[in-house]
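First up is the structure itself, then whatever we jot down about it.
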Amino acid sequence: MLRELDLREAERGNLLAELAEYVHVVSAHTPLAGATGVQLAAHQFLADAGGLRHGRSCHGEGEIARAVDEKAAWVCVSPVARTASKPGYGPPIGLPGLRRAVAVAKGTPVFALGGVEVASVADLRAAGAHGVAVMGSVMRAVDPAAVVSQLLAELEAP
């Protein structure tokens, strides 16, 4: 997912074009040429996706239900654990809240976000998360590539 919301749209578009040579890129908040989808914030209107495949950031069951009603391709629920990156999004929902989120999502893939660490991935998957979205544990790592490799290994584990 390409966030980089501090960049002007043209700069984000250039970065997306470079990244799209190697991976599928989802643009945060606004559709950009070459993006395979848009991640909408909880408060955004569906029209903001510009007709692209979209997911939605959700912080409660009502927001998840809305995303499902709008035919979101995925939802990101947060925070699942305490997080230093975005502390203002409410108390962590923990594994019980994640299980409820998965139930409310009715089959729409749920990605766990907020406070995700390598050691928590197996529990998050067991609680029903389709996957994880990670920012802080990678960005604060001495060796970000190693953390990404460990996260991927946990996600691919049976």
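The values are calculated or read from the model by the stated rules, or taken from the named source; none is laboratory data. None of these values were measured; they are calculated from a predicted model. When we count neighbours, we look across all protein chains shown, and the Cβ atoms used for this are built from the backbone with ideal geometry, even at glycine. With ligands, DNA and RNA removed, areas are computed over all heavy atoms of the protein, side chains included. Shrake-Rupley method; radii C 1.70, N 1.55, O 1.52, S 1.80 Å.
For residue 42, the criteria (1) closer than 22 Å to residue 138 by Cα; (2) in a loop (DSSP other than H, G, I, E, B) hold in every case but one, which is (1). Can you name every residue in region 82-100 that is of a type in the set (A, V, I, L, M) and more than 14 Å from the chain's Cα centre (by Cα)? 84, 93, 95 - these are the residues of region 82-100 that are of a type in the set (A, V, I, L, M) and more than 14 Å from the chain's Cα centre (by Cα). Just wondering, is there one or more residues in region 47-57 that are modelled with pLDDT of 95 or more and over 23 Å from residue 24 (Cα atoms)? Among the residues of region 47-57, not one is modelled with pLDDT of 95 or more and over 23 Å from residue 24 (Cα atoms), which makes the answer no.
Count of region 25-57 residues, restricted to those that are in contact with a strand residue (DSSP E or B) (Cβ under 8 Å, 6 or more places away or on another chain), open to solvent by 30 Å² or more (accessible area, probe 1.4 Å) and more than 14 Å from residue 72 (Cβ to Cβ), is 5. Just one residue in the set 10, 65 is surrounded by fewer than 16 Cβ atoms within 10 Å (Cβ to Cβ), within 17 Å of the chain's Cα centre (by Cα) and in a helix (DSSP H, G or I); that residue is 65. Taken over region 21-42, the criterion of being closer than 18 Å to residue 133 by Cβ and without any contact (Cβ under 8 Å) to a residue 12 or more places away in the chain is satisfied by 23 alone.
Residue 17 satisfies every condition listed in (1) part of a helix (DSSP H, G or I); (2) over 22 Å from residue 139 (Cβ atoms); (3) open to solvent by less than 50 Å² (accessible area, probe 1.4 Å) except (3).
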